[in-house]
1. Among Val97, Val125, Val383, which one moves the most in a GNM of the chain with springs linking Cα atoms closer than 10 Å?
2. For helix 306-321, report the angle its Cα long axis makes with the longest principal axis of the Cα atoms of the chain; keep it between 0 and 90° and round to the nearest 10°.
3. Using the scaling law 2.2 N^0.38 Å as the reference, what is the normalised Cα Rg of region 264-410?
4. Based only on other Cβ atoms within 10 Å, what is the fewest-to-most ordering of Met387, Met367, Met116?
5. Of all beta bridges DSSP finds with both residues in the chain, what is the antiparallel percent, to the nearest 5?
6. Non-local amide H neighbours of Gly268 (under 5 Å, H modeled in plane, Pro and chain starts lacking H): which ones?
7. For region 144-205, what is the convex hull volume of its Cα atoms per residue in Å³?
8. Using every Cα-Cα pair within region 30-133, state what percent have a distance larger than 17 Å.
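No lab work stands behind these numbers, since they all come straight from the coordinates. Quick caveat: nothing in here was measured; it's all calculated off a predicted structure. Here the Cβ is made from the backbone with ideal geometry for all residues, glycine too, and neighbour counts use every protein chain on show.
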Amino acid sequence: MDRINDFEPAWMDQYVMPNYGRFQIWPERGEGPYLWDTSGKKYLDFAGGVAVCPLGHAHPEVADAIAAQAHKLIHVSNWYCIKGQAQLARILVEEIVRIPGKCFFSNSGAEANEGMIKLARKYGVNKPLADGSPRYEIITFTGSFHGRTFGAMSATAQEKIHGGFGPIVPGFVYVPFNDAEALKKAITEKTVAILFEPMQGESGVNPVTPDFLRTVKASCEKHDLLMLLDEVQCGLGRTGETCGWRSIIPGDEIQPDAISWAKSIGSGFPLGSFWIKDRDLAENDARKLCDLLGPGTHGTTYGGSPLACAAGLATLNVILRDDLTARSATLGRQIAGEVASWKLPLISDIRAFGMMIGFELNEDLLMEKEDVKASGKIASIYVAKAMLDAGLLVVPAGPKVVRWLPPMNLTDAQAAEALGIFKATLENLAELA
């Protein structure tokens, strides 16, 4: 038997757990925004591994960096100093956040969010209630998604994510997203942090409003709470700013205490990180917040390996050198404007922030179609499958949104090609009986 090359499609059902509702295509290779399956069919990939491929597939600089590093050193323990971590952290602090602080490296966004949750709990021990008991409650919001690990899952304010896994981790308080009055009422003496995505991705590209963002800032200052931003999907330039929250309120008016990243940071190589602000911890404590998680408090075996950091360095170098943040902002506006000009009845709303675009579907109109009803699929899944059949990969988000998460270095011609597929497919769906 050839263990490297032998393959049977039936092995997927026979040997792999059924925890994903997979579309039945078998991707084999990619180049830029294009993907080919094992049958040779070509797709425009505007799913991008769910916002993971900011430079498309097989970018030569990233591939060369990974190959070169793999020939030198793939892994060493975090007991030792890893050069790439220092280099990558400097870029994140000085060129992405542009606020003094320090970074920790993990393998994923869920792990990065777990680290921020631990930071909040540790802060609540160091800044406790008057009786010495720790503050531990973290406020999160409806429609959020923070990951599938147990703490991150518990932080996610969606019952469908919790279902069948109770009891979940205690200490999370769920509040309606963008509801300032509900947030103020939810804060108690036990509250220690507020965790949120500046732009919720999984629920359909829903941005925080400027007023709500300012309410969070004021509440954190008033009650000594940590502001924790989950930028796993919206960070690192995708929204047209190096940091997602600056797409809502530009500049430095808002300064979070911690930010998590993953997805785009490594062009598909497993890598996550979170940044903690360099600010005073307490009047009687000489430490900084970014030093609160000292030796023995947090760790990882694989996070921040030499190979992962090589991928991250190459990716961020291209994004910053080629000003792909500005490119994302410009092309995102153009795409949204073009789709809006079609005035198609199946599109009820467009929410575009750079290369993070949510197209809200007219769910009622779609579900009137006999073919859609007979499929048993929700509107977003049905449309995503129709796009896939037409050669365009998009991401369903909730029951009635499809997301475009294309490469940030997309060309005008490639965008036009995708728009053509998108429009033709929507028009065909509108004509269904």
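1. Among Val97, Val125, Val383, the largest mean-square fluctuation in the Gaussian network model of the chain belongs to Val125.
2. It is inclined by approximately 70 degrees.
3. Dividing the Cα radius of gyration by 2.2 N^0.38 Å gives 1.47.
4. Details: Met387 24, Met367 15, Met116 28.
In increasing order of surrounding Cβ atoms, one gets Met367, Met387, Met116.
5. Restricted to the chain, the bridges split so that about 65 percent are antiparallel.
6. Those lying under 5 Å, H to H, from Gly268: there are none.
7. Values: hull volume 5.6 nm³, N = 62.
Each residue corresponds to 90 Å³ of Cα convex hull volume.
8. Numbers: 3944 of 5356 pairs.
Everything past 17 Å amounts to 74 percent.
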